[in-house]
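The values are calculated or read from the model by the stated rules, or taken from the named source; none is laboratory data. Because the structure is predicted, anything quoted here is derived from the model rather than measured. Methodologically, a virtual Cβ is constructed for each residue, glycine included, from the backbone with ideal geometry; neighbour enumeration extends over all protein chains shown.
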Amino acid sequence: MDMVELRHVEKAYGRPEGPDYVEVLRGIDLTVEPGQTMAIMGPSGSGKTTLLNLIGTIDLPTRGQVLWDGQDVAAMSEGQRALLRNQRIGFVFQMHYLLPQCTALENVLLPTLARPGGPSRPAIERARQLLERVGLARQADSMPGRLSGGQRQRVAIARALINGPRLLLADEPTGSLDAQSAEGVIDLLLELSQRDGLALIVVTHAEAVARMFAPIYRLSSGRLCQDLP
Ligand SMILES: Nc1ncnc2c1ncn2[C@@H]1O[C@H](COP(=O)(O)OP(=O)(O)OP(=O)(O)O)[C@@H](O)[C@H]1O
Ligand SMILES: [Mg+2]
């Protein structure tokens, strides 16, 4: 069974006949297997974030189905979806969304706060290990304001991994970085994916970043096309 399967997924925003009505996705079929990596490209406004939000169960399709482990996401309760997101899916955004008043370590621990009792000792230990893996062992107690853009993005990656997800969704994770830091962040993501069997979907505008992945998908006019290898 596929980990994630999109069946003829369509997504529109607004009410039909309304002034803001926009059909963004017009029939997407896609499967994501455990450990699989892929890049998604496409012009601004083509629906890449919309697609990640559907895969990540943040939003629901207008038509068609998103299945997680064979189960229709639309048939789950809000609570079930929230649990799925918290336990199985890690998110990394273009803007890292670190809390400026919390240290790097505290930021990594944020997703564990959904559990009663706050971060456990093992969670804190795991957060330290993750910061070490992303090369920031010495910055654990630094405030985000004292970190570089690339370092902040690596804290965001560690945070996305704290609950041991099976799928990492990265929406332009290198958008605010120079080419060299961007390559470093992508190398790190690919290494984490390979070592942990973590599936990885990266949205990017940079051809150089996309070329580090296979397959490469392109979104345009609401449809997804795969680049020929
Ligand atoms: N919550 C929303 N309500 C209404 N329209 C939306 C909403 N989210 C996105 N849209 C519209 O859907 C279209 C696709 O947006 P989306 O953010 O998915 O594009 P994108 O490919 O991620 O673009 P970018 O590369 O600029 O991030 C755009 O026309 C956008 O205005
Ligand atoms: Mg976007």
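Scanning segment 12-21 for residues that are within 15 Å of Leu219 (Cβ to Cβ) and either away from ligand 1 (no atom under 15 Å from the Cβ) or loosely packed, with under 15 Cβ neighbours inside 10 Å (or both) turns up nothing. Just one of the listed residues (Leu200, Leu130) is closer than 20 Å to Thr49 by Cα and hydrophobic (A, V, I, L, M, F, W, C), namely Leu200. Among the residues making up segment 154-177, those that are closer than 17 Å to Ala206 by Cα and not small (Gly, Ala, Ser) are Leu169, Asp171, Glu172, Pro173, Thr174, Leu177. Taking the condition at pLDDT below 95 and either within 16 Å of ligand 1 (Cβ to nearest atom) or not basic (Lys, Arg) (or both), does Gln87 pass? Yes; evaluated as a whole, the condition is true for this residue.
Taken together, the residues in segment 164-189 that are buried (at least 16 other Cβ atoms within 10 Å of the Cβ), more than 16 Å from ligand 2 (Cβ to nearest atom) and at pLDDT 90 or above amount to 6. Do the conditions hold for Leu192, that is, is it assigned to a helix (DSSP H, G or I) and either aliphatic (A, V, I, L, M) or without any contact (Cβ under 8 Å) to a residue 24 or more places away in the chain (or both)? Spelling it out, Leu192 is indeed assigned to a helix (DSSP H, G or I) and either aliphatic (A, V, I, L, M) or without any contact (Cβ under 8 Å) to a residue 24 or more places away in the chain (or both). Summed over segment 194-214, the residues that are touching a Ser or Thr at 6+ places or on another chain (Cβ under 9 Å) and within 16 Å of ligand 1 (Cβ to nearest atom) give a count of 8.
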